[in-house]
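The values are calculated or read from the model by the stated rules, or taken from the named source; none is laboratory data. This one's a predicted model, so the numbers in the text were calculated from it and none came from an experiment. Cβ coordinates were reconstructed from backbone atoms using ideal geometry, including for glycine residues, and neighbour counts include every protein chain displayed. The area values use the complete protein model at the heavy-atom level, side chains included, leaving out ligands, DNA and RNA. Shrake-Rupley method; radii C 1.70, N 1.55, O 1.52, S 1.80 Å.
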Amino acid sequence: MHCRDTPEGTAKSPLEPLSRQPFLTLPNCILRLVDPVFEWDDEKDAANQKKHGVSFSAASKAFFDPFNITMADPDHSLDEERFLLLGFATGSIFVVSFTERDDAVRIISCRKANRKERRLYGRGS
C-alpha cells in the first residue's frame, strides 16, 4: 500500500462518497491497492459470519472492485478514523467498515448491502 498527500478526497458530508476509482481516496491520501495488507480480529470475523453470513476474507475482495465507493464513517468511533466501502465481490455488493492501522486495512465489520445501498452503488454516487 502506498500513500501520498493530495488535496482531493475530502467529503463535505459523512455520506458523500470520497472515491469511485480503482484506488481508495481518503482525506489527504490516496491508497493504491498494491499488495495491500488486510487484518481483522478472528473472533469478530467468526461473529460476523454467524450474524451476516459473510467472512472478512470475502469482504476484503471488495477493495479490488474498480467501482468501489468509499465514504467517511465518523459516527462509529471517537478513537480512530473509520470508513465505509461499498464494493462488489463474490457475486454480491458488500458494505465493509474499516480503518487504517499501521499501514494495514483493518476490517471491522461487513455485510451484504441493502436495497438503498445497492442503488447508491449502481448510481455511482
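Assorted remarks:
- Of all residues in the range 79-90 being assigned to a loop (DSSP other than H, G, I, E, B) and more than 15 Å from HIS52 (Cβ to Cβ), the one that is most open to solvent (accessible area, probe 1.4 Å): ASP79
- Output for the range 91-125, where each listed residue is more than 19 Å from VAL54 (Cβ to Cβ), at pLDDT 90 or above and not in a strand (DSSP E or B): ARG119
- Residues located in the range 76-99, provided they are within 10 Å of the chain's Cα centre (by Cα) and over 18 Å from GLY122 (Cβ atoms): ARG82, PHE83, SER97, PHE98, THR99
- Subset of the range 38-60 [among the charged types (D, E, K, R), within 13 Å of ARG106 (Cα to Cα) and not in a loop (DSSP other than H, G, I, E, B)]: GLU39, ASP42, LYS44, ASP45
- Within the range 55-64, the set of residues being open to solvent by less than 70 Å² (accessible area, probe 1.4 Å), within 12 Å of the chain's Cα centre (by Cα) and closer than 14 Å to LYS112 by Cβ comprises PHE56, ALA59, ALA62.
- Residue ID - most open to solvent (accessible area, probe 1.4 Å), chosen from residues in the range 95-125 that are over 18 Å from VAL37 (Cα atoms) and in contact with a Lys or Arg (Cβ under 6 Å, 6 or more places away or on another chain): GLY124
- Within the option set HIS52, HIS76, being touching a Ser or Thr at 6+ places or on another chain (Cβ under 9 Å), surrounded by fewer than 18 Cβ atoms within 10 Å (Cβ to Cβ) and within 15 Å of ASN114 (Cα to Cα) holds for one residue only, HIS52.
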